[in-house]
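A.B. asks: I have a structure here, written as structure tokens, and I will follow up with some questions on it.
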Amino acid sequence: MAQLFDMILKNATVVNHDGTGRRDIGICDGRIAALGDLSLASAPEILNCTGLHIVPGIIDSQVHFREPGLEHKEDLESGSFSAVLGGVTAVFEMPNTVPCTVSAEMLADKVRRAHHRMHCDFAFWLGATRENTRYIGELEYLPGAAGIKVFTGSSTGNLLVDDDESIRTILKNTRRRTAFHSEDEARLKKRKHLRVAGDVSSHSIWRDEMTALHSTERLARIARETGACIHVLHVSTAEEINFLKDHKDIATLEITPHHLTFTTDDYANLGTLIQMNPPVRSIRHQNALWMSVERGIVDVIGSDHAPHTLEEKKYIYPSSPSGMTGVQTMVPIMLDYVNARRLTLERFVDLTSHGPNRIFGINRKGRISVGYDADLTIIDMKRHGTITNDVTASKVGWTPYHGTTVTGWPIGTIIRGYRVMWDGEVITPAIGEPIEFS
């Protein structure tokens, strides 16, 4: 008797943790039920994926969707709509909202807001403060929690923990991997006079490479003292790469597409649109980031999607805010790099699916394996596309990649067996559920 599935994806090239090859995928009850030759099987929905690649659903572990409190920039619905258009099946959202996500009640409120209103699956980082350190061990295991996020340098919002004693207390009380925005606040204050009004290029001078390195060195030292594991977000400097490669037993690291793409030379054309914390840097640092991709030093790529309105971004520096859109463009930008042979498709999958699964302990996501959630990103490696402001689904309606033509495009987003996005259209109502962790 022929096997019966809810959906079969046929004739695709599947890129997975166990290799790359032609396989069919059978889906039942939202989970992957079979892999291999399913030519004799049947299903009410059969997708012919000849010429396409299927990868495990892309997980973006750093996004800022601005809800609650800043919904004029983004909200959970619009941000997740952008995500699924870009082939992203799950996100970890950041805590620097208004109010900040620093308690069980605030986390529960976000989960309620997100459930079946977000288009992708989700988890929320909880922000560490000096006041909630005694509860950190409980907060990090609450349903819907991605873990604990610490800002050691001031950035968007008012979350800041910059003293050794508080950081040590946080790391003593955590068991999951704690994520850090790693910049040294004392150095930022000392160098604030280096900001030049109207000259955004001075942003990279103010928040220099030593500001990042000093903080990251301190975090690694305290992590060793406390027996904790840390995750350094948006690493941007050659010095940090050189340091962290010798501390991979306690530290994982993330890089971003914008640090791989833009340099300080791009301030001339893009100005405050590429103003970020930490900032884009010189080609020397960018080359080091690409080296970290090639040599397996970096663990994940996250978009750091952090939208501000164009009106806000046009403020005269340093009044202009740091942040840019990115969740919708991360996959096509990185696929273009795959086609340019800057990295392999297998390495891309490790950075965006297997890596998050491995270092954050995500249940049933990040692999194409029987019993896992049927989260799949379907890509056409030959399709040409142009990224424009007009197709940017974020509320702010702009992208720093406007006018960029790429080769390689996400054409399908399947989440727990639901075909959510297909060929540029979101075709399923919002079904977002909290991510579960081991």
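A.B. asks: Could you grab the relative contact order for the chain? Cα pairs under 8 Å, six or more apart, rounded to a whole percent.
C.D. replies: 21 percent
A.B. asks: Let me ask you something else. Can you give the translational diffusion coefficient of segment 297-356 in µm²/s, computed by Stokes-Einstein from the Kirkwood radius over Cα pairs at 4 °C and 1.567 mPa s?
C.D. replies: 98 µm²/s
A.B. asks: To one decimal place, what orientation-averaged projected area in nm² is obtained for the convex hull of the Cα set of segment 214-359?
C.D. replies: So the mean shadow area of the Cα hull is 9.3 nm².
A.B. asks: Can you give me the P(r) profile for segment 110-217? Cα pairs, bins 10 angstrom wide beginning at 0, each as a whole percent.
C.D. replies: All Cα pairs, binned at 10 Å, distribute as 14, 36, 28, 18, 4 percent.
A.B. asks: Can you give the accessible area per residue of the chain, in Å², using a 1.4 Å probe?
C.D. replies: Accessible area per residue: 37 Å².
A.B. asks: Using +1 at the C-beta of Lys and Arg and -1 at the C-beta of Asp and Glu, which of Ile205, Asn277, Pro332 has the Cα lying farthest in the positive direction of the dipole of the chain?
C.D. replies: Farthest towards the positive end: Ile205.
A.B. asks: Averaging the inverse of every distinct alpha carbon separation and then flipping it gives the Kirkwood radius. What is it for segment 340-436, in angstrom units?
C.D. replies: Kirkwood hydrodynamic radius for segment 340-436: 15.4 Å.
A.B. asks: Next question, about the same structure. Using only alpha-carbon positions, what ratio does the radius of gyration of segment 224-275 give when scaled by 2.2 N^0.38 Å?
C.D. replies: Normalised by 2.2 N^0.38 Å, the Cα Rg of segment 224-275 equals 1.46.
A.B. asks: Further, regarding this structure: Across segment 349-400, what fraction of all alpha-carbon pairs, as a whole percent, falls in each successive 5 Å bin from zero upward?
C.D. replies: 4, 16, 15, 14, 14, 18, 14, 3
A.B. asks: Grab the other residues whose beta carbon is less than 9 angstrom from that of Lys110, score K and R as +1, D and E as -1, and report the net.
C.D. replies: That works out to -1.
A.B. asks: While we're on this one: Any chance you could list the semi-axes, whole Å, largest first, of the equivalent ellipsoid that the Cα gyration tensor gives for segment 1-154, using √(5λ)?
C.D. replies: Three semi-axes, in Å: 38, 16, 14.
A.B. asks: Report Rg(Cα)/(2.2 N^0.38 Å) for the chain, keeping two decimals.
C.D. replies: In units of the globular-protein estimate, the chain measures up at 0.94.
A.B. asks: Where does each of 383-390, 279-286 land if you order them by average Cβ count within 10 Å, highest first?
C.D. replies: The packing order, highest mean first, is 279-286, 383-390.
A.B. asks: Using only C-alpha atoms and all pairs of different ones, pull out the Kirkwood radius for segment 118-179 in Å with one decimal.
C.D. replies: 12.1 Å
A.B. asks: Sum up the charges of everything whose Cβ sits under 9 Å from the Cβ of Gly153, counting Lys and Arg as +1 and Asp and Glu as -1, but leave Gly153 out.
C.D. replies: -2
A.B. asks: Just to confirm a number: summing +1 for Lys and Arg and -1 for Asp and Glu over residues other than Tyr337 whose beta-carbon lies under 12 angstrom from that of Tyr337, what do you get?
C.D. replies: So the surrounding residues net to +1.
A.B. asks: Restricting things to alpha carbons, tell me how big segment 158-253 is in terms of Rg and Dmax, in Å.
C.D. replies: Looking at segment 158-253, its Cα Rg and Dmax stand at 14.1, 45 Å.
A.B. asks: For segment 262-344, state what percent of all Cα-Cα pairs lands in each successive 5 Å bin, counting from 0 Å until the bin that includes the largest distance.
C.D. replies: 3, 13, 19, 25, 21, 11, 6, 3, 0
A.B. asks: Could you rank the peptides 27-40, 411-424 by their average count of other C-beta atoms within 10 Å per residue, with the highest value first?
C.D. replies: Top of the packing list down: 411-424, 27-40.
A.B. asks: Continuing with this model, one more query. Which shape class, rounded, prolate or oblate, goes with segment 262-301 when its Cα gyration tensor gives a ≥ b ≥ c as root eigenvalues, a/c under 1.5 marks rounded, and past that a/b bigger than b/c marks prolate?
C.D. replies: Note, shape of segment 262-301 comes out prolate.
The values are calculated or read from the model by the stated rules, or taken from the named source; none is laboratory data. For clarity, every value in this text was computed on a predicted model and none was experimentally measured. When we count neighbours, we look across all protein chains shown, and the Cβ atoms used for this are built from the backbone with ideal geometry, even at glycine. SASA here: full protein model, heavy atoms, side chains in, ligands and nucleic acids out. Shrake-Rupley method; radii C 1.70, N 1.55, O 1.52, S 1.80 Å.
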